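Read the figures in this text as sums done on the coordinates, not as results from a lab. All values reported here derive from a predicted model rather than from experimental measurement. Cβ placement follows ideal geometry from the backbone for every residue including glycine, while neighbour counts extend to all protein chains displayed.
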């Protein structure tokens, strides 16, 4: 084989490798953006899988994703569940992330966020916009948590559902039982 043929084969192999790499990279980006609301598609990922701390409010939060938008940083929580449902615990988690991220970085974080639920059966993803809680609400929840952990709550309120009580890490210490409030 002549040098020209070898060079042509190498060029074809290089172009084919570049095309395959571009396709795999494109599918990775498509997978990351699958299920995102239209307003976040193509936005820059500011933070991913990172822990932030608010020393002032004594909060620690690990966020899934934060996107940089013209209006500021937008939080996204990714969940895999058998049903497309957003829970209050998601809102509390995102609200804590907002406080910790703002305190650590000084960046403006939107008071609205997204919970993207991937259905564990079908694999489909659905985004839901949520309004975050304010600092005073999160601070009150933190104080309540500390009081329960330290045994300073004499009459704890029972959870809204039996499963909340059943899965609570403080069940043995609490003493409250779920009551049907219907």
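FRET efficiency for the residue 154 to residue 34 pair, using the beta carbon distance and R₀ = 45 Å, is estimated at 0.40. Assuming a ≥ b ≥ c are the square roots of the Cα gyration tensor eigenvalues, decide whether segment 50-135 counts as rounded (a/c under 1.5), prolate (otherwise, with a/b larger than b/c) or oblate. It comes out prolate by the Cα gyration axes. Estimated from the Cβ-Cβ distance and a Förster radius of 30 angstrom, the FRET efficiency linking residue 112 and residue 144 is about 0.75. Max-minus-min Cα coordinates of segment 98-142 on each principal axis give 38, 24, 15 Å, with the largest extent listed first. Extension gain, residue 104-residue 15: 0.36 nm per intervening residue step, less the Cα-Cα distance, totals 27.6 nm.
Taking every C-alpha pair closer than 8 Å and separated by at least 6 residues, the mean separation divided by the residue count of segment 29-153 gives a relative contact order of 23 percent. Taking the average, over residues, of other Cβ atoms within 10 Å as the packing measure, peptides 46-54, 90-98, 138-146, 107-115 rank 90-98, 107-115, 46-54, 138-146 from highest down.
For residue 137 and residue 166, a Förster radius of 25 Å and the Cβ-Cβ distance give a FRET efficiency of 0.50, rounded to the nearest 0.05.
With distances taken between every two different alpha-carbon atoms, the chain has a Kirkwood hydrodynamic radius of 19.7 Å. Between residue 81 and residue 126, the contour length at 0.36 nm per residue exceeds the Cα-Cα span by 15.1 nm.
Distance between the pseudo-spin-label points of residue 5 and residue 49 (7 Å out from Cα toward the beta carbon): 4.8 nm.
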